Amino acid sequence: MSRDTVRAHEDDDVAAQARQARFGSLPEPVRVEDLVEEKPAVAPDPARFAYDPDEWLVRYCA
């Protein structure tokens, strides 16, 4: 083997070790609860539930 061939193999080994160190293991698993965020689509409207269905009785039938 020539000196260039040995050096090329050493470079390949170093590159393989670097890849193994960086990509050799999977990341930690993420819980499903951490993937989902629930929030209302719109801000709550206080006037939406302010209607009193019996109010018309007081205003118009009294």
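Just so it is clear, none of the values below were taken in a lab; they were calculated from the coordinates. Treat the numbers as computed from the prediction; the structure is a model and nothing was measured. With ideal geometry, Cβ positions are generated from the backbone for all residues, glycine too; neighbour counts draw on all protein chains shown.
Residue-by-condition table, conditions (1) part of a helix (DSSP H, G or I); (2) loosely packed, with under 10 Cβ neighbours inside 10 Å:
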position	(1), (2)
Glu10	yes, no
Ala15	yes, no
Glu38	no, yes
Tyr51	no, yes
Val58	yes, yes
Completion exercise
A careful count of residues in the range 17-36 that are of a type in the set (D, E, K, R) and in a loop (DSSP other than H, G, I, E, B) gives 2
